[in-house]
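The values are calculated or read from the model by the stated rules, or taken from the named source; none is laboratory data. Bear in mind that the values here come from a model prediction, so they are computed numbers and not experimental data. Ideal geometry is used to build each Cβ from the backbone, glycine not excepted, and the neighbour counts take in all protein chains shown. For accessibility, only protein heavy atoms count, side chains too; no ligands or nucleic acids. Shrake-Rupley method; radii C 1.70, N 1.55, O 1.52, S 1.80 Å.
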Amino acid sequence: MTENQEEHIHRLSMIAELTSNAVIFTDEVSRITWVNNGFTRITGYTLEEVQGKVPGHFMQCEKSDPVPIAVMRNAVAKGESARVEIVNCGKDGREYVLDIEIQPIRDEAGKLTGFMAIESDITD
């Protein structure tokens, strides 16, 4: 790896770590592998509490609209991207509205290896 590539990777990792948005990485079946500090700030959950869990299983609540949930599930099942707005609940029970963008992650051969989600808190 060249010095320029290392610097590029370092800058990208800083973006993921320092953004106020939640950043979530999952495996190909939607189990969380990594979250950033923005995720912890918005949801109240730490990586240790959520690693290996499916985000919707513990963040969605009765006010979560089933339509965007279905859009996300269908996109994940097809290995595609999606963008939705949804009401979620934090660890403390607080409800908040997220603008979620999900992108598939593929290896060099094009095989699906997971997903990345960027979630912006758009609560009024």
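Observations, loosely collected:
- Within the straight-line cut-off of under 27 Å between alpha carbons, the lysines reachable from residue 91 are 53, 63, sequence neighbours fewer than 8 places apart in one chain being disregarded.
- Taking every alpha-carbon pair under 8 Å whose residues sit at least 6 apart, region 20-124 reaches a relative contact order of 28 percent.
- Accessible carbon and sulfur surface of region 1-94 relative to its total accessible area, %, 1.4 Å: 53 percent
- The modelled label-to-label distance for the pair residue 19/residue 78, using points 7 Å beyond Cα in the direction of Cβ, is 2.3 nm.
- Size of charge dipole - region 46-109 - debye, nearest 20, with Cβ of Lys, Arg +1 and Asp, Glu -1, no other charges: 160 debye
- Sites matching GluC sites (Glu not before Pro) across region 56-124 that sit in DSSP coil, with at most 10 neighbouring C-beta atoms within 10 Å: 62, 108
- Dipole moment magnitude, nearest 20 debye, the chain about Cα centre, only Lys, Arg, Asp, Glu C-beta charged: 340 debye
- If the convex hull is drawn through the Cα atoms of the chain, its volume per residue in Å³: 109 Å³
- The residues packed around residue 52, meaning those with a beta-carbon under 12 Å from its beta-carbon, carry a net charge of -1 if Lys and Arg are +1 and Asp and Glu are -1.
- The slack in the chain from residue 2 to residue 121, taken as 0.36 nm per residue of separation less the alpha-carbon distance, amounts to 39.2 nm.
- For residue 122, the solvent-accessible surface with a 1.4 Å probe is about 70 Å², rounded to the nearest 10.
- Alpha carbon centroid spacing (whole Å) that separates region 83-124 from region 3-43: 12 Å
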